[in-house]
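Worksheet: the structure to be examined is printed underneath.
The values are calculated or read from the model by the stated rules, or taken from the named source; none is laboratory data. Please read these numbers as outputs of a predicted model, since none were measured by experiment. Using ideal geometry, Cβ is built from the backbone for each residue, glycine included, and neighbour counts are taken over all protein chains shown. Each accessible area value is taken on the protein alone, full model and side chains, heavy atoms only, with ligands, DNA and RNA left out. Shrake-Rupley method; radii C 1.70, N 1.55, O 1.52, S 1.80 Å.
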2 protein chains.
Amino acid sequence: MSLIFSRQCEYALQAVLYLALKSHNEMTSIKELTKRLDIPYHFLAKILQDLTRKGLLSSLKGPTGGFGLGMPAKDITLFHIVEAIDGVDFMHSCVMGFPECTGKNPCAVHEKWANLRDGVYTMLVSKNIAEMAKNMRKPEYQSA
Amino acid sequence: MSLIFSRQCEYALQAVLYLALKSHNEMTSIKELTKRLDIPYHFLAKILQDLTRKGLLSSLKGPTGGFGLGMPAKDITLFHIVEAIDGVDFMHSCVMGFPECTGKNPCAVHEKWANLRDGVYTMLVSKNIAEMAKNMRKPEYQSA
DNA sequence: GAATATTCAGATATTTTAGTCTTAATATAG
DNA sequence: CTATATTAAGACTAAAATATCTGAATATTC
């Protein structure tokens, strides 16, 4: 089996989206995230630290510490998160894995995949996470 | 990084498509496939055996032996191959990995992903490999 | 029947991804 | 200043995916 994004990346998307629901400057602990999202604690910790190093999140130690967005929610799209965790090789590689597949030398589904891939790109960039958070009343998160 | 199909599955798609170019009843050795497609010999062998067990290919031992399609090329789609190797969980799972994501309780990109996923399905079933082979003059295969 | 070319089956090895554990650093509250 | 709650960092383990190896089975040709 194989998904379009790695598990790490899925967790990252979920976590950042959760943080986008919070008010600016409010810090959220790994403990809360792990409970609400049902993600293994230490694994999530590593992902959040990674996103922090890359500037998408900010963090603060100590009691009242935790993680928050590293920039305004309106400046973050899902694409930024995918880019940071999985990279975006899927944007320019053949869906059947042919190394030589190009516009000049296309595989049997080259064009169709190109369209779909553009659709994925659009899906990832067309809304920022502030807009997403607005239309989202935490349906997917486990109650506290 | 993460691709939509596993490497195994990519190799399977490539191999079956290559076999579809051959005339009915012609057997092709792993050696030829491995050379033309640049896939590790023993890894490809395992994949072909798997596809044979599942009926998509047929095989014959001995000199003049090898692999061929297990049913008429017009009855095989890319979907069959993906189904056999990776499975098709991606057809009904949330792209962000939310376990509870459903139509009633959708994630932020539920609808968009549903459309794209249907597009992928269409891409995989709309042509059989006989049609594909017809319009394909082996551009993606390394010369012998 | 012997030699050879192939697939078959299963064990092993390697690499990547996923997940865990432990200790240190740091901020807060009292 | 001390106790405590947090993140940071890195080592470690586990599982899955990818790849390799070896010997057996089988079909063909001579």
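Going by the structure shown, is A:K35 over 18 Å from A:I81 (Cβ atoms) and open to solvent by 70 Å² or more (accessible area, probe 1.4 Å)? Lay out the reasoning, then the answer.
On the way: over 18 Å from A:I81 (Cβ atoms): yes; open to solvent by 70 Å² or more (accessible area, probe 1.4 Å): yes.
Yes; evaluated as a whole, the condition is true for this residue.
If you take the residues in the range A:94-115 that are at the interface with chain B (Cβ under 7 Å from one of its Cβ atoms) and either of a type in the set (S, T, Y) or without any contact (Cβ under 8 Å) to a residue 12 or more places away in the chain (or both), which one is farthest from B:T34 (Cα to Cα)? Before the answer, list the steps.
First, pick out the residues of the range A:94-115 that are at the interface with chain B (Cβ under 7 Å from one of its Cβ atoms): A:95-98, A:100-101, A:105, A:107-109, A:112-113.
From the residues that got through so far, the ones that are either of a type in the set (S, T, Y) or without any contact (Cβ under 8 Å) to a residue 12 or more places away in the chain (or both) too are A:97-98, A:100-101, A:105, A:112.
Details: A:G97: 14, A:F98: 13, A:E100: 16, A:C101: 18, A:N105: 20, A:K112: 27 Å.
Taking the candidates together, the pick is A:K112.
Yes/no per residue for (1) within 13 Å of B:I129 (Cβ to Cβ); (2) within 12 Å of chain A (Cβ to nearest Cβ); (3) free of Cβ contacts under 8 Å to residues at least 12 places away in the same chain:
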| position | (1), (2), (3) |
| --- | --- |
| B:R7 | no, yes, yes |
| B:E10 | no, yes, yes |
| B:K22 | yes, no, no |
| B:R36 | no, yes, no |
| B:L44 | no, no, no |
| B:L51 | yes, no, no |
| B:G66 | no, no, no |
| B:A73 | yes, no, no |
| B:G87 | no, yes, yes |
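Within the range A:66-119, track down each residue that is over 23 Å from A:K54 (Cβ atoms), among the aromatic types (F, W, Y) and not in a loop (DSSP other than H, G, I, E, B). Outline the logic, then answer.
First pass over the range A:66-119, keeping only residues over 23 Å from A:K54 (Cβ atoms): A:94-119.
Among the residues that remain, those that are also among the aromatic types (F, W, Y) are: A:98, A:113.
Within the range A:66-119, just A:W113 meets the criteria.
Which members of the range B:59-92 meet the condition of being open to solvent by 40 Å² or more (accessible area, probe 1.4 Å) and of a type in the set (S, T, N, Q)?
Hits for the range B:59-92 are B:S59, B:T64.
If we keep just the residues of the range A:125-144 that are at the interface with chain B (Cβ under 8 Å from one of its Cβ atoms) and open to solvent by 60 Å² or more (accessible area, probe 1.4 Å), which is modelled with the lowest pLDDT?
Per the stated criteria, the residue is A:N135.
Please verify whether B:E10 is open to solvent by 20 Å² or more (accessible area, probe 1.4 Å) and out of contact with any Ser or Thr (no Cβ under 9 Å at 6 or more places or on another chain), treating the condition exactly as stated.
The answer is no for B:E10.
Residues in the range B:38-57 that are within 12 Å of DNA strand D (Cβ to nearest atom) and either in a loop (DSSP other than H, G, I, E, B) or over 11 Å from B:V16 (Cβ atoms) (or both): how many?
To start, the set of residues in the range B:38-57 that are within 12 Å of DNA strand D (Cβ to nearest atom) comprises B:38-50.
With the extra rule that they be either in a loop (DSSP other than H, G, I, E, B) or over 11 Å from B:V16 (Cβ atoms) (or both), the set shrinks to B:38-46, B:49-50.
Residues in the range B:38-57 being within 12 Å of DNA strand D (Cβ to nearest atom) and either in a loop (DSSP other than H, G, I, E, B) or over 11 Å from B:V16 (Cβ atoms) (or both): 11 in total.
Could you say which residue among A:I85, A:I39 is within 9 Å of DNA strand C (Cβ to nearest atom) and touching a Phe, Trp or Tyr at 6+ places or on another chain (Cβ under 6 Å)? So that I can check it myself, show each step before the final result.
Values: A:I85 fails: touching a Phe, Trp or Tyr at 6+ places or on another chain (Cβ under 6 Å).
None of the other options fit; the residue is A:I39.
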